[in-house]
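Q: My questions will all concern the structure given below.
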Amino acid sequence: MSMLRTLMCLVTAAMIINSAIATTTFTVGGPTGGWDIGTNLQTWSSSQPFSVGDGLIFQYTPNHNLLEVSKEDYDACQSSNPIQVYPSGATPITLTAPGSRYFICGVGGHCSLGMKVEILTLGAPALSPAQSPETTTLPSDPPISPSAYPSPTETPSSQPPASAGPMTVPSFPLTGSPQSFNPANALSTLPPPIAAAKARATSSILFVILMLVALFL
């Protein structure tokens, strides 16, 4: 069951990838013509939007063949130094890179009669208007005048700073003496809220000690 589920996931992924890569296969000279002398191959080629990944199908009879040549040999209809020779009668060609590729028929005289075609491949499929990304122009910040900020050499004020008088440290009277320290007197010298909190904490500690003593007796 797990292998079947994995296989189904792989098939689904392959279908998604195949649909995402939009390529087209062109029959050269089609749909009304083909790879022959009677078809205006240059007019057909100039009307097709070839992109990287697209494919070509050359279909021809046994009295023709297919040669891929350089631009110089294409212009001169020279078939003695081909890049590749295809004699099958049904030749698929994949456009794998942008740029021009040149094809002629190598049978004597056929190229001069118009059996030649230049295939110009673009870099990538063009986006339709609905797919074209929208460009958004962001507003620019308003210019800031240099006068809005003080110069480093400027001083905030020409008036001299006011002189500060001597600092007076407040003194607090001490109650009791170190030799006769009394916790009750210490609590009484604290402000009322702090003294009450200390008293409650002391009572709670005494209560806990009494409870522990009672448990162990």
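Q: Scan the strands (runs of 3 or more DSSP E) fully inside segment 2-92 and keep the ones with 2 or more residues being among the aliphatic types (A, V, I, L, M) and modelled with pLDDT of 95 or more.
A: 55-59, 66-69
Q: Within segment 49-84, can you find the residues that are touching a Leu at 6+ places or on another chain (Cβ under 9 Å) and surrounded by 13 or more Cβ atoms within 10 Å (Cβ to Cβ)?
A: Listed by number, the residues that qualify are PHE50, SER51, VAL52, GLY53, ASP54, GLY55, LEU56, PHE58, TYR60, ASP73, SER79, PRO82.
The values are calculated or read from the model by the stated rules, or taken from the named source; none is laboratory data. Keep in mind the model is a prediction, meaning the values are calculated, not measured. Note that we place each Cβ from the backbone using ideal geometry, even for glycine, and neighbour counts take in every protein chain shown.
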